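Only one structure is covered here, and it is reproduced in the block below.
Since every read-out is calculated from the coordinates, none of them should be taken as a lab result. Note that the structure is a prediction, hence the values are computed from the model and not measured. Virtual Cβ from ideal backbone geometry, glycine too; neighbours counted across all protein chains shown.
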């Protein structure tokens, strides 16, 4: 229950690019266990009161309802997005300053030490490198950046991927791996979240022009001959 309420950031040992999927799987598993327990109770009561006369019917209906419920729960979990937590006290300057200090330390690790490119990065590992408790990092990111830690890290990864796509001839897959992503589905989803474009479309719109400016194409032989005739 506590992990479910904490959201993806509560899974501090999960790899950051899989935190959302792991949290959704946790919710679905919890819901399935609750439904299964209810039908087990119904079967037990049927054996107590009716000597199991309705057990087969309960089992068949239970399986059907459980499958429908699991499908509904999975759909809700897939559509769910964690709501960013606001600051407990917006007037508390000291608390905000501490959050800013934590975020500055995290930014230094992600940019200067290129920790964002580590595809196996977890919140727990990030906390150890920063020397800051994982819960404090999660709270600072939620309050100041208005997003969870996974999204915050992926923003840096997408920025690096954009730089590679713009400044090099590296393939999209190579840029994905170099920036810290491991799966195309997660990379494409996060790329669209940040840029509203696919990687290929973004590259097409943002590659610098290679055509020289202030120059004209050379004249053809026919053009030169025509001008020569006119001057004569």
Cut-off 20 Å (backbone N to label point 7 Å along Cα→Cβ of residue 174), residues of the range 89-119: 117-119
Residues residue 132 and residue 197, FRET efficiency given R0 of 30 Å [Cβ-Cβ distance, rounded to 0.05]: 0.30
Estimated FRET transfer efficiency (residue 145, residue 37; beta-carbon r; R0 45 Å; 0.05): 0.70
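Over the range 93-206, what is the mean sequence separation of C-alpha contacts under 8 Å (at least six apart), divided by residue count, expressed as relative contact order in percent?
This gives 23 percent for the range 93-206.
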Fraction of alpha-carbon pairs over 16 Å apart in the range 93-206 - percent: 59
Amide N proximity, the range 135-149 versus residue 96 label position 7 Å along Cα-to-Cβ, cut-off under 13 Å: 143-145
Length released on extending from residue 166 to residue 117, taking residue separation times 0.36 nm less the Cα-Cα span: 15.9 nm
